[in-house]
Each structure stands twice: as C-alpha cells, then as structure tokens.
Amino acid sequence: MNCLEDVFAKRRSIYNLGNKILLKQTELEELLKQALKDVPSAFNSQSSRIVLLLNQNHTKLWNDITLNTLKTMVDEDKFEHTQKRMLSFADAYGTVLFFEDLNTIENMKNKFPEYADNFIMWANQTSAMLQYMVWTLFAQNEIGASLQHYNPLIDDEVKKTFAINPNWQLIAQMPFGNILKPADTKSYLDINDRFFVYK
C-alpha cells in the first residue's frame with residue numbers, strides 16, 4: 001500500500017474518465033459512509049451530507065439538468081465546449097454530490113450564539129475536508145475524479161429531481177470513474193515562497 005504522502009500526490013483532477021471502477025458498489029458506499037463519519041466538524045455538528053448518483057441518475061445530472069441549464073446561459077459559439085465537458089462527466093461511473101444541512105447549522109447558531117457568525121464558515125471547511133477525504137480515498141483505489149461547482153445554477157432542479165431535502169445546500173459535485181488518461185504534469189511555485197519557519 002502506498003504511504004499517505006504518495007496518495008496525496010496521486011490525487012489530481014482527472015477529466016478523462018470511464019464508467020468502470022475496481023470497487024464493488026457496496027465497497028464504494030462504505031468508503032463514502034466512512035469518510036462522512038470520520039470528517040471533523042466544529043462542535044461535532046456533523047452538518048455534511050452526501051448523495052451518490054449512479055447509472056441513469058448520474059447521467060441525468062450531466063446530460064439533462066446541468067447541460068440544459070447551461071444551454072440557456074452560455075453563448076452559442078462557446079456551447080460546444082461546454083457540451084463536451086458535460087458529456088465527459090456523464091461518461092464517468094458516478095457522481096458524488098456534497099451538501100451542507102442548513103438546519104443543522106442554524107441549530108448550532110442557536111445553541112452557541114457567541115459563535116453564530118462562524119458556523120457557515122466552519123461548515124464550508126468541513127465540506128472541503130470531506131471532499132478532500134473522498135478524493136484522496138478515490139485516488140488510493142485507482143479512481144479518478146474532479147471537483148465541479150455548478151451550484152447554485154443547478155440547485156433547484158437537483159433538489160426537485162432527486163427529492164433532496166430543501167434545507168440541504170449543494171456545495172460541490174464530484175464525477176468519478178476509471179482513469180482513461182492521467183492528469184498533465186503539474187507545475188509548482190517555489191515552496192520556499194510559501195512555507196516559513198520561525199524558531
């Protein structure tokens with residue numbers, strides 16, 4: 001098994017995805033449940049939610065909901081590129097939708113009013129950690145993924161189509177599948193311009 005640092009480096013935005021993965025569906029579900037259970041959250045609020053879209057529900061998100069929404073907003077001369085991107089997401093195995101439960105956040109504000117202004121920020125931090133956990137676990141299991149943000153454009157239709165709790169806020173979408181083409185070489189800024197030690 002790779003060491004954790006190797007898995008961190010392996011996690012990249014992968015856009016050329018296929019519709020097969022090595023994990024069984026039950027193993028995939030358990031992986032996502034474990035990440036959701038273990039992600040840290042402020043005051044143990046546990047406000048994050050995951051919806052896993054597979055099969056026709058996955059393709060419906062990209063081929064119908066997102067594509068049709070963007071078609072009304074993107075200039076005609078740029079739409080071909082947008083369409084290709086949506087179809088490439090639809091070709092993947094599935095999509096993880098990340099939500100935050102606004103009811104939970106509101107309850108935490110009421111319970112701890114002295115920190116009320118911070119709970120939205122803390123919830124976003126929790127969601128970011130969860131996204132990174134899932135993305136890294138995918139990389140560890142030879143699953144490629146990318147993180148997309150078509151919210152809030154698609155929020156209403158997603159909630160309507162998949163009967164999502166209206167108090168859940170969509171944060172991000174993660175299409176995933178087997179890696180057909182690895183990510184390009186990544187460039188890095190000089191780490192000494194970004195990391196400092198004071199002794």
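Say the cut-off is 25 Å between C-alpha atoms; which of Lys111/Lys159; Lys37/Lys159; Lys37/Lys109 go over it?
Going by Cα-Cα distance, Lys111/Lys159 fall outside the 25 Å limit.
List the relative contact order of the stretch 118-199 as a percent without decimals, with contacts defined as Cα pairs under 8 Å and 6+ residues apart.
30
Quickly estimate the mean residue ellipticity at 222 nm for the chain, helices only: each DSSP H run with n ≥ 4 gives -39500 (n - 2.57), and the total goes over all residues, rounded to 500.
-13000 deg cm²/dmol
Identify all lysines with a Cα-Cα distance to Lys186 below 24 Å; exclude those on the same chain that are fewer than 8 residues away in sequence.
Output for Lys186: Lys10, Lys84.
Of all trypsin sites (Lys or Arg not before Pro) in the stretch 133-192, which ones are in loop regions per DSSP and have a Cβ with at most 15 other Cβ atoms within 10 Å?
Here the sparse-neighbourhood loop sites are Lys186.
Going by C-beta contacts inside 10 Å, put Glu106, Glu5, Glu142 in order with the fewest on the left.
Glu5, Glu142, Glu106
What is the sum of charges around Met86, taking Lys and Arg as +1, Asp and Glu as -1, for the other residues whose C-beta is under 12 Å from the C-beta of Met86?
Local net charge: +1.
Each reported figure results from applying straightforward, stated rules to the coordinates on display, with no laboratory input. It should be emphasised that the depicted structure is a prediction, and the values quoted were computed from it without experimental measurement. So basically every Cβ, Gly included, is an ideal-geometry build from the backbone, and we count neighbours across all protein chains shown.
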